[in-house]
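The structure appears right after this line, and notes come after that.
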Amino acid sequence: MRFISPKTHTIIGLVVGVILIFAPQIFDFSNDQSAASVAIGTGIFIILSELITTSQISPLKIIPMRIHLILDYITGVFLALSPWLFGFAENVWAPHLIMGILTVGYAAFTNPTIDVEKPTAV
């Protein structure tokens, strides 16, 4: 069941991106360079991707929402697996895993066609 609109998806994505950028300070892992870099880099990527999708509130409507959702799936899986891929799982893994699963989740529940404006009859 896909009940999240692209507009709501974009808002969620922007919030997730900001949380990831500040995650090293919020969750106290800023001393782990790999963990911090992955969180900050992924947060920036998510924000930029939200700003270029075809959502109603995105300023640069470049990437179709369906393609954007595929990128979100890939980004979420990458984020969830990153502690083990980059070897920092012994120090910190929960924020990356949880935010990665949430990213895949809100992408899975997004209906890319809800906000599509229908042409009016003349």
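Where a number appears in this text, it was derived from the coordinates with a stated rule and is not lab data. It should be emphasised that the depicted structure is a prediction, and the values quoted were computed from it without experimental measurement. Don't worry about glycine lacking a Cβ; one is built from the backbone with ideal geometry, like all the others, and counts go over all protein chains shown.
Points worth noting:
- The long axis of helix 94-108 is offset from the longest Cα principal axis of the chain by roughly 10 degrees.
- The chain: calculated mean residue ellipticity at 222 nm from DSSP helix runs of at least 4, using -39500 (n - 2.57): -21500 deg cm²/dmol
- From most to least packed by mean Cβ count within 10 Å, the peptides 40-47, 24-31, 67-74 give 40-47, 67-74, 24-31.
- The long axis of helix 6-26 is offset from the longest Cα principal axis of the chain by roughly 10 degrees.
- Relative to the longest principal axis of the Cα atoms of the chain, the long axis of helix 33-51 makes an angle of roughly 10 degrees.
- Residue 102/residue 62 FRET efficiency (R0 41 Å; Cβ-Cβ; nearest 0.05): 0.95
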